[in-house]
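Here is the structure we will look at.
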Amino acid sequence: WPARPAPHDAGPAKGGRAVWERVAALVDRAPRRVWAFTLAGLLACAAFAPALSSRGVPFDEIFVNDAPSVAAQETLGRHFPGGAGNPAVIIADADAAGEVAAAAQGVPGVVSAHPVDGAGRPARGAPPAVDGRVRIDATLADAADSDAARETLPRLRTAVHAVPGADALVGGTTAQQYDTQRTAARDRAVIVPVVLAVILVILVALLRSLVLPVLLVATVALNFAATLGVSALVFEHLLGFTGTDASVPLYGFVFLVALGVDYNIFLMSRVREESLRHGVDEGVRIGLTATGGVITSAGVVLAATFAALGVIPLAFLVQIAFIVAFGVLLDTLVVRSLLVPALVRDLGPVAWWPGALSRRLTPGRAGPS
């Protein structure tokens, strides 16, 4: 209300449905050419994915706009050792404080190391102890957020851990970034394959096929890689970022895979229903025509929603906003509208192997009545 929807066979399609009928006709007419061109474009974008650095965002890039704290840090760096404002913090047994400080100061990349008092100043005499433990600050030669400082950290840990009876632990800003990077790398190595495997099982159960779910999961992964490739170029050459937070790729993966699988289910469940009635070729055409507008509209709304995060002047949110917004648009406009339908149309009944649908639609066999 107030519109009165017309039946599907009431006449020629108008508006958005006519657009998707033309897209479906293109896919139906030349599926191999469509998927070849789109696949080549996505692979070209994905080739730049390794260029995206996720070693962390330097302090002077945390804020998109100029900030007084960034200017102060730059001024400090011009007059003092790079790590003066953010020393590596060592906690060790009080009885071994001298040996730990000496071991730390002997590490290449460490300018000085000394026990501190409760106010954080070099202790005069015996440093104050809490539960038999004291704090030792190690000033690094390089900025705390630099690659050189993170390379120094494992050497520093090795040196202080080797002091007998010290039970030394190394923390601080550099240690946090170093540990975050290692944890994020492990998380990506574990979470990404687990998520893809779970999605594959769900798609197999839904579509009653093995070939098609593998194909769909591969397109989701390709869309993510292509998005990272484009993001690497945009972040470095347009936005001026030298890196991203270590967690950005994983967040982007979770968002894009979740949304991409939703769109896969919307499209392919409808294609399967229509294929049971009309055959694979006609099923792809009808399914794409029926769901294209819905999927694209949802993608545009989600992309606009995430893009709104870009107005917040924090590099982390700007990067997440671009990755998700661009990835969703790429998925809805290219992958789900062209690549996937063209692949399914070109494969024909093979895409539904080994389910009953593939046997019923095999050439030479009668289709469903």
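Values in this text are rule-based calculations from the coordinates and carry no lab data. What you see is a predicted model, and the numbers here were worked out from it, not measured in a lab. Methodologically, a virtual Cβ is constructed for each residue, glycine included, from the backbone with ideal geometry; neighbour enumeration extends over all protein chains shown.
Between the Cα long axis of helix 173-207 and the first principal axis of the chain there is an angle of about 20°, rounded to the nearest 10. If you take all other residues with their beta carbon under 9 Å from the beta carbon of Pro341, and give Lys and Arg +1 and Asp and Glu -1, the sum is +2. Placing unit charges on each Cβ (+1 for Lys and Arg, -1 for Asp and Glu) gives the chain a dipole about its Cα centre, and among Ile202, Ala175, Tyr251 the Cα reaching farthest toward its positive end belongs to Ile202.
The shape of the chain comes out prolate: with a ≥ b ≥ c from the C-alpha gyration tensor, a/c is at least 1.5 and a/b beats b/c.
Separation of the range 172-249 and the range 295-317, taken as the distance between their Cα centroids, equals 18 angstrom.
Subtracting the Cα-Cα distance of Arg182 and Leu314 from their residue separation scaled by 0.36 nm leaves 45.2 nm.
Once the Cα atoms are used to define both axes, helix 16-29 deviates from the longest principal axis of the chain by about 80 degrees.
Once the Cα atoms are used to define both axes, helix 315-330 deviates from the longest principal axis of the chain by about 20 degrees.
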